[in-house]
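What follows is calculated from the coordinates using simple rules that are stated; it is not laboratory data. A quick note: this is a predicted structure, and the numbers were derived from the prediction, not measured. Reconstructed Cβ throughout: ideal geometry from the backbone, glycine too, with neighbour counts over all protein chains shown.
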Amino acid sequence: MSQTEIDAIKDKIDFDISFAQNNIDNNEFYKAQDDLEQALELAKQINDNKSIGLIYSKMGKLYYIQENPEEATKILVKAIEKQRFAKDNINIAETYKTLGLVYLKQKKE
């Protein structure tokens, strides 16, 4: 795969992630899930760990919003693993914050 093709895929991943965030903000969770799954598929094709970690983090937040703490925890741990590998310290902090919110909510229930 050429660098031009990889760059085009990265642009599509970024677009899908942004579109998913807009859908989350508009409470269109199923559309957001579809966007994130498409982005994840592309990120895995080019082995882009930073994007994979970010996508998992957003998926985890989505599961948290939808009150599915078990799935949220599972996917957020995967996000942290990928973000550590990619040395993505900014996004890993946000992922830990979301994981903390999941644990806090579970403790209250």
ask   = Restricting to the range 50-70, what's the tally of residues that are basic (Lys, Arg) and either under 9 Å from the mean Cα position of the chain (by Cα) or under 13 Å from GLN21 (Cα atoms) (or both)?
value = 2
message = Tally up the residues in the range 60-71 that are of a type in the set (A, V, I, L, M, F, W, C) and buried (at least 24 other Cβ atoms within 10 Å of the Cβ), please.
response = 0
task = Look at the range 85-102 and say how many of its residues are touching a residue at least 12 places away in the same chain (Cβ under 8 Å) and assigned to a helix (DSSP H, G or I).
result = 11
Residue in the range 72-90 that is surrounded by the most Cβ atoms within 10 Å (Cβ to Cβ), counting only those that are within 21 Å of PHE29 (Cα to Cα) and in contact with a Ser or Thr (Cβ under 7 Å, 6 or more places away or on another chain) = ALA79
request  = For residues that are closer than 14 Å to LEU99 by Cα, aliphatic (A, V, I, L, M) and in contact with a Gly (Cβ under 8 Å, 6 or more places away or on another chain), tally how many sit in the range 53-86.
outcome  = 5
query = Among the residues of the range 1-20 satisfying the criterion of being more than 16 Å from ILE52 (Cβ to Cβ) and in contact (Cβ under 8 Å) with a residue 12 or more places away in the chain, which is surrounded by the most Cβ atoms within 10 Å (Cβ to Cβ)?
reply = PHE19
request  = Restrict the check to the range 41-49 and report whether at least one residue is surrounded by fewer than 16 Cβ atoms within 10 Å (Cβ to Cβ), without any contact (Cβ under 8 Å) to a residue 40 or more places away in the chain and of a type in the set (Gly, Ala, Ser).
outcome  = no
ask   = Before we move on, is THR73 farther than 30 Å from GLU5 by Cα, among the β-branched types (Val, Ile, Thr) and over 12 Å from the mean Cα position of the chain (by Cα)?
value = yes
task = Working only within the range 16-59, note down all residues that are outside any helix (DSSP H, G or I) and more than 21 Å from VAL77 (Cα to Cα).
result = ASN26, ASN27, GLU28, ILE46
